[in-house]
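Have a look at the structure below, then the notes.
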Amino acid sequence: MSTSGGNDIPRTIRFYDRDVPAMEAGDYSIAVSQSVNSTDTGTPLSKTFTVDRNFTVVAPRFALPPSGVQTVFPPGSASGIFDQNLPHVVLTEPLLPWERLITDGDATAKGTPWMALLLFTEGDPDIRIIPPTVQPPQTASQTLAGTYAIAPDPNDKTKLVLSPADTATLGPAIEPEVGDATSCYAIDISTDTFTALTPRYAELPYLAHARDVEPVMPLKVTEIAVQDGLFSVVIGNRFPKAPPAGSLTGIKHIAHLVSLEGFAPYLMDAPVWPPGITRVRLVSLLSWTFTTMPEVGNFRELMLHLIAPPVAPGGDGLRLRMNPAPSNAPAPAPGSPAALVQQALGQGFTALEYDTRAGDQTFAWYHGPFVPHPVAPFAANTPFQSAAAATIYDEVTGTFDLSYAAGWELGRLLALSDGAYVADKLKSQRTLRSAVNLVRERTRWTPAGRRLMAAASTENAAHLHALAEPSQPRRAFASWLVAALPALLPKSGVPARVPPEPAARPMLTAARQSAPASLRSLQARLDVQSFVRSRALTEIDGGGHASGVVTTMQGLRLLENVPFVHLVPDARMLPAESIRFFYVDPNYLDALCDGASSVGIQSSRDAQQQAIVRPVVRGAAIARAHASRATRIGRPQLLAGAQPGDPVAGFLLRSSVVSGWPGLEVKAYSDLAGTNQIQPVRMDRTLAPDVMLCLYPQVPVRIEFDEPKEGLAFGVEDDALVYLRYIDDAGGNPTGKVIPGKTETLDTTYQRGTTRVVNIATWQALLAQQFSTSPTAWGPAAFAIQMVRAPEQMLFEYQHG
């Protein structure tokens, strides 16, 4: 376990205090005058010409377009352990927080953000949003913003933002401008809530900064990407509330990005409100909800628990299998039933009830596609024709291994449940059957075809393609007309030829080959098999029905839609708060796909044809599965030149880390140094809320679990610690690197009572003291760097042998 040591803030991200525009949004007037004086002594002239022009600098004021928000954190509607994070919003417009003056006409307000991010907790009786008086009574947890008009509405004069009809509600002290929206969302809160939650005027600059993310920033493995470009960031000043210890439910929070334009006089500890004012109406530019879940343990404790006793040292106990026997149990006698059982369990088997076809009730051994040791693929490249053909009988113990038989049946059932696959399979099978029929007919009734069949079968693949072309008979007939027909036509002056006597046909001495036998022998030829495979590959590449077959096979080779009980047949293999590593059995994947391929096989000819195209479909499915995750998340392959292959290894993680940290980052490497990254072919969090499955195309020797950064989250570490970071590289240390041994504790001393609102003024002043000798001036950018959470990391390494 380690915290980040410099890599948590990529050097391609630059922080700026602010990005102040040359002109703030508003209405402007420009006056131009020109004086003309004549030097003519005859007619002296002195005249001034003037012209006035009005213009407006337009910027969002009452609403943000959807494209104006790049991301929010915590993510909208997400559930997780967020109580150590300050919420924030990343805006696509780098100038936006400074495009307006918080007090109209006050030049001293230039550079002070006019917006703030407020956090409300559902069910909090002291700090809540008050329903507008024009709406019917709501519950105390009312959180949705109401729709209001900006200027007076002749149809409804009660719901106004700038001039509330309710005399106890104070609206923003601003004047409408050209280009303002006609309606917006707004919230009503009490004056006490306003004072408790809003930042003080002097704190606002530290809660917004600009950010420049260069396009060379490396991609993350998880689905959450960090975009490049110029952005502005607004950070909240209140921590979410954690559920109490022992609670089983989360707490809902509502974040509102509000406009403070016109409210500057009240951003203080004890504001003086106008007489009779008890409520404040704030424009809500953006809002979203998230839920903090019970924290059963922090990231460090949960990850370390994965390898805590009773896991055997050395990592052998982290293999996906049942524990054969307690470590203190005496070893059974070699060859005894107990020894055989322990051996089977150690190989990943479990014993399941089994009813034989004869009606006997017994047990059989079963392991899923995940096994604790590598399994060599079967040498013969022939499919399992049935579940019975995939059954393994152990003569020594008189028991059956039904692993591959169960996989075959499962593949068939999954295929039969997919109507689109069945249709594609039958149509693709019919297309290939028709192509073979065409070859058979044209090789029987044309001289060129008969010559092909008489030649060596290894030399005819290209000629068979030409022979099977739809226009081949027409071209052959046209060639005969040009080459052979003139010699057969009568010529002037040449006597007619006497037709030859018909030759006596010998009696047939042997029976003709039947049509099924003829087709079987035809499909047994190497050139015909090459022709069929080529036809299948062309249909796959062209998006035909065979392509739909490959798509289904792709999913099966990634074990998609395979029930969890088939992956982990006994819950004791994957206990709560555990991680288990495994190899993928290639024979199980083949059995699964062979079962699906058996759909539509009605004759020995179909079975023979299926065996011919099996390598083509299998190879295409493997290639498509290898690239499916990159295609799904819109990322290129991370490994240049990586060869497609089946998943060969992976892990199952069953822990609260999966549900509590939705953006958990996982990186795998093929070397211990962590330089050759492996891109997973499947990373799945949908099997269960607390289960993650990862499959890799090669055996990883190093796997890193990183606490999610989510595009740089802000907050504190465990025990309210903040790791201080360098804000310049004057001493050779990169900006953003954690300063060894330098921490501060953001405890209740720096919060406003029990509200979980950070007293930014005193907190940033404390941090500023730690950098009093730095050549870089302290400001919002430096403060934001200190508040970036240092993600923790859990590292697993596999030592061969």
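Tabulated data
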quantity: Checklist (1) surrounded by 15 or more Cβ atoms within 10 Å (Cβ to Cβ); (2) in contact with a helix residue (DSSP H, G or I) (Cβ under 7 Å, 6 or more places away or on another chain); (3) at pLDDT 90 or above applied to Leu402, failing item; calculated: (2)
quantity: Any hit, region 754-776, residues being among the charged types (D, E, K, R), within 24 Å of Pro199 (Cβ to Cβ) and under 35 Å from the mean Cα position of the chain (by Cα); calculated: yes
quantity: Thr71 being in contact (Cβ under 8 Å) with a residue 40 or more places away in the chain and within 23 Å of the chain's Cα centre (by Cα); calculated: yes
quantity: Region 745-790 - residue that is in contact with a strand residue (DSSP E or B) (Cβ under 8 Å, 6 or more places away or on another chain) and among the hydroxyl-bearing types (Ser, Thr, Tyr) and, of those, farthest from Ala720 (Cα to Cα); calculated: Thr755
quantity: Single residue of region 333-365 satisfying the filter (open to solvent by 70 Å² or more (accessible area, probe 1.4 Å) and more than 16 Å from Gly398 (Cα to Cα)) that is nearest to the chain's Cα centre (by Cα); calculated: Gln347
quantity: Hits in region 579-623 - residues which are of a type in the set (Lys, Arg) and closer than 17 Å to Thr552 by Cα; calculated: Arg614, Arg618
quantity: Condition met for Asp394 (in contact with a strand residue (DSSP E or B) (Cβ under 7 Å, 6 or more places away or on another chain) and at pLDDT below 90); calculated: yes
quantity: Selected residue [crowded, with 21+ Cβ neighbours inside 10 Å, within 27 Å of the chain's Cα centre (by Cα) and farther than 18 Å from Glu409 by Cβ] from Arg624, Arg618; calculated: Arg618
quantity: Residue match in region 256-266 (condition: farther than 15 Å from Gly171 by Cα and not polar (S, T, N, Q)); calculated: yes
quantity: Near pairs, Cβ below 7 angstrom, 6+ apart or cross-chain, from region 729-743 (under 16 Å from Thr776 (Cβ atoms) and touching a residue at least 40 places away in the same chain (Cβ under 8 Å)) to any residue that is among the hydroxyl-bearing types (Ser, Thr, Tyr) and exposed (fewer than 10 other Cβ atoms within 10 Å of the Cβ); calculated: none
quantity: Counted residues, region 50-62 - those being at pLDDT 85 or above and touching a strand residue (DSSP E or B) at 6+ places or on another chain (Cβ under 6 Å); calculated: 5
quantity: Qualifying residues in region 58-76 (those that are open to solvent by 40 Å² or more (accessible area, probe 1.4 Å) and among the β-branched types (Val, Ile, Thr)) - the one farthest from Leu285 (Cα to Cα); calculated: Val58
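Residue-wise test of (1) at pLDDT below 90; (2) hydrophobic (A, V, I, L, M, F, W, C); (3) touching a Ser or Thr at 6+ places or on another chain (Cβ under 8 Å).
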site	(1), (2), (3)
Leu574	no, yes, no
Leu592	no, yes, no
Ser597	no, no, no
Ser603	yes, no, no
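The rows are residues; the columns are (1) open to solvent by 10 Å² or more (accessible area, probe 1.4 Å); (2) over 15 Å from Phe796 (Cβ atoms); (3) not in a loop (DSSP other than H, G, I, E, B).
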site: Pro647; (1), (2), (3): no, yes, no
site: Phe651; (1), (2), (3): no, no, yes
site: Val657; (1), (2), (3): no, no, yes
site: Gly674; (1), (2), (3): yes, no, no
site: Asp684; (1), (2), (3): yes, yes, yes
site: Leu687; (1), (2), (3): yes, yes, yes
site: Cys694; (1), (2), (3): no, no, yes
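The values are calculated or read from the model by the stated rules, or taken from the named source; none is laboratory data. All values reported here derive from a predicted model rather than from experimental measurement. Cβ coordinates were reconstructed from backbone atoms using ideal geometry, including for glycine residues, and neighbour counts include every protein chain displayed. Accessible surface is based on the protein model in full, side chains and every heavy atom, while ligands, DNA and RNA are left aside. Shrake-Rupley method; radii C 1.70, N 1.55, O 1.52, S 1.80 Å.
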